[in-house]
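Visitor: I'd like to ask some things about the structure below.
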Amino acid sequence: NVFDASSARVGQPGLALEGTLSVAGITRPIQVPVEVEGSGAETVTLRAEVSIDRADFGMTFNQMGMMRGQTAVQVTARFVRSADPA
């Protein structure tokens, strides 16, 4: 699974990323709201949560009704500035 961000803009309460999400060989446009959880001189922590419909990506198998179509994806990412640009 790959999210490819193409743009970011200031939203409420944080940022809104626009891009594409590729899952199981299918790519769809998506907008992801992102909140800044914390920041410092050398770090920033971002949190995102978005709901996707599994059927939009061709995932319709549902053994015994265990998984619904809508799935929540949560990501927490911490970025740390490195002294080495490589």
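Visitor: Which of the residues belonging to the stretch 1-34 are open to solvent by 40 Å² or more (accessible area, probe 1.4 Å), at negative phi, in contact (Cβ under 8 Å) with a residue 24 or more places away in the chain and out of contact with any strand residue (DSSP E or B) (no Cβ under 7 Å at 6 or more places or on another chain)?
Guide: Result: 26, single match.
Visitor: Could I ask something else about it? Kindly indicate whether any position in the stretch 47-55 is on the phi < 0 side of the Ramachandran plot, exposed (fewer than 11 other Cβ atoms within 10 Å of the Cβ) and either at pLDDT below 85 or not hydroxyl-bearing (Ser, Thr, Tyr) (or both).
Guide: Checked against the condition, which is being on the phi < 0 side of the Ramachandran plot, exposed (fewer than 11 other Cβ atoms within 10 Å of the Cβ) and either at pLDDT below 85 or not hydroxyl-bearing (Ser, Thr, Tyr) (or both), the stretch 47-55 yields no hits at all.
The values are calculated or read from the model by the stated rules, or taken from the named source; none is laboratory data. The structure displayed is predicted, hence computed values, not measured ones. Glycine also receives a Cβ, built like all others from the backbone with ideal geometry; neighbour counts cover every protein chain displayed. We work out accessible area using only protein heavy atoms, side chains counted, and drop any ligands, DNA or RNA first. Shrake-Rupley method; radii C 1.70, N 1.55, O 1.52, S 1.80 Å.
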